[in-house]
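Participant: Before anything else, here's the structure in question.
The values are calculated or read from the model by the stated rules, or taken from the named source; none is laboratory data. Just so it is clear, the structure is predicted and the values come from calculations on it, not from any experiment. Don't worry about glycine lacking a Cβ; one is built from the backbone with ideal geometry, like all the others, and counts go over all protein chains shown. The accessibility values were calculated without ligands, DNA or RNA, using every heavy atom of the protein model including side chains. Shrake-Rupley method; radii C 1.70, N 1.55, O 1.52, S 1.80 Å.
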Amino acid sequence: MEGRGSKGPAVCVTGGTGFLGSWLIMKLLHHGYHVHATIRHNNKRDDDITFLTDLPGAAENLKLFEADLGHPETFSAAITGCSAVIHVATPALDFNNNNQDHHTAEEAIVERSITGTLGILKACLHHSETVKRVVYTSGTAAVVYNDGHEDQMMDESFWTDVEYGRKVMKNKFTRTLMTAKTLTEWKAVEFAREHGMDLVTLIPSIVVGPFICAKFPASIRLALAMVFGEKDDGGGGMMTEVSMVHVDDVARAYVFLLESPTAEGRYICSSSRLTKDQRDKLSAKYPDLAVPAMKSLKDIKGLKVPKISSRKLLDAGFEFKYGLDDMFDAAIKCCKTKCYI
Ligand SMILES: NC(=O)c1ccc[n+]([C@@H]2O[C@H](COP(=O)([O-])OP(=O)(O)OC[C@H]3O[C@@H](n4cnc5c(N)ncnc54)[C@H](OP(=O)(O)O)[C@@H]3O)[C@@H](O)[C@H]2O)c1
């Protein structure tokens, strides 16, 4: 099914400079879509965005717009004329900048995530003559934290209990992320229900794989630290088992949900489980690799992350293409090329 050819009205992707956003834009362009991508205005942005503008098909089919979740009205221009919006941006996923304001303003991050998302949904409603579907990006943090269900396979019917999550999470960053992802998805679903909007949520587990974005993706850093970090006290000791998915499978799932007329509700998107055995195997495959463990891993040591099921997505006809080896081989290759490791 992959290939070129114009697919009519544009699709808006928020968070175009991010790990998932940039990969998704590449995928949509490859499928022949016109894409309106939002990026943050940055006065200091000497950032090179040629990783977007040089993509095959970008010259003809990619338009960039500046928009910020702190000022949701700024998304309107990008949404104008689009048939669908894929909301990927989040203010809550910046593992790399531990000193930034999410540590001093947890509530502000959660608030920005919610009001930014609701602002985007309002703009979609305003443009409902053209916007027919919205895909919101949630995360398994909005599903898995439920007291007493640790050994249960979780599906889309589970919602994280934020009070419980906040009790068990010592690390401020992961707590903020869990709170923001859960409350934002909840509010988005509620808003869509009240206004009869066609909103689908995609719920990826930890995303690993190659990347084209300029920043070192937080989730790749996390995944590598789990496998190659401080093994004794548990860079990996933390989530003894954790679910993962390849970035290209996530991008394929977005396109699948975009194009599926019957898609509705939440969809968990996760192909693989990183177990202790798998970690050891991967470590042995790359004996020279050492990735500094993130301090935050120690703080959440011992937290057991339940298994999750992608059955709903699979039953809808989606197929995963990649396994753990593909994820780590590609991520490591990219990290080496870009001199991160
Ligand atoms: N990666 C994972 O493992 C994973 C797993 C589950 C769910 N998710 C979800 O997937 C989405 C993308 O994650 P990612 O890994 O691609 O994260 P990422 O690389 O950090 O990308 C986040 C994007 O959001 C943008 N952003 C941040 N604050 C913003 C603001 N105030 N206004 C507008 N844009 C803003 C960033 O722009 P700048 O480049 O300017 O900072 C960036 O483009 C998020 O919703 C995340 O919660 C990710």
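Participant: Does the stretch 209-221 include one or more residues that are within 24 Å of Phe318 (Cα to Cα) and open to solvent by 10 Å² or more (accessible area, probe 1.4 Å)?
Facilitator: Yes; the residues of the stretch 209-221 include at least one that is within 24 Å of Phe318 (Cα to Cα) and open to solvent by 10 Å² or more (accessible area, probe 1.4 Å).
Participant: Looking at the stretch 162-182, can you tell me whether even one residue there is within 30 Å of His34 (Cα to Cα), modelled with pLDDT of 90 or more and not small (Gly, Ala, Ser)?
Facilitator: Yes.
Participant: I'd like the residue in the stretch 78-91 that is open to solvent by less than 60 Å² (accessible area, probe 1.4 Å) and either over 16 Å from Val135 (Cβ atoms) or away from the ligand (no atom under 12 Å from the Cβ) (or both) and, out of all such residues, is farthest from the chain's Cα centre (by Cα).
Facilitator: Out of the qualifying residues, it is Gly81.
Participant: Tell me, which helices (runs of 4 or more DSSP H) wholly within the stretch 245-341 include 1 or more residues that are surrounded by 17 or more Cβ atoms within 10 Å (Cβ to Cβ), aromatic (Phe, Trp, Tyr) and modelled with pLDDT of 85 or more?
Facilitator: 247-259, 324-337
Participant: Residues of the stretch 72-94 being among the acidic types (Asp, Glu) and in a loop (DSSP other than H, G, I, E, B), which ones?
Facilitator: Asp94
Participant: Just name the residue that is farthest from the ligand (Cβ to nearest atom) out of those in the stretch 156-177 that are in a loop (DSSP other than H, G, I, E, B) and over 18 Å from the mean Cα position of the chain (by Cα).
Facilitator: Lys170
Participant: Restricting to the stretch 254-272, count the residues that are under 17 Å from the mean Cα position of the chain (by Cα) and either more than 19 Å from Ser157 (Cα to Cα) or among the polar types (S, T, N, Q) (or both).
Facilitator: Count: 7.
Participant: Does the stretch 179-198 contain at least one residue that is open to solvent by less than 40 Å² (accessible area, probe 1.4 Å), of a type in the set (A, V, I, L, M, F, W, C) and farther than 16 Å from Gly119 by Cα?
Facilitator: No, that holds for no residue.
Participant: State which residue is nearest to Glu259 (Cα to Cα) when the search covers only the stretch 14-71 and only residues that are open to solvent by 40 Å² or more (accessible area, probe 1.4 Å) and assigned to a helix (DSSP H, G or I).
Facilitator: The extreme case among them is His30.
Participant: For the stretch 150-173, enumerate the residues that are of a type in the set (S, T, N, Q) and surrounded by fewer than 22 Cβ atoms within 10 Å (Cβ to Cβ).
Facilitator: Listed by number, the residues that qualify are Gln152, Ser157, Asn171.
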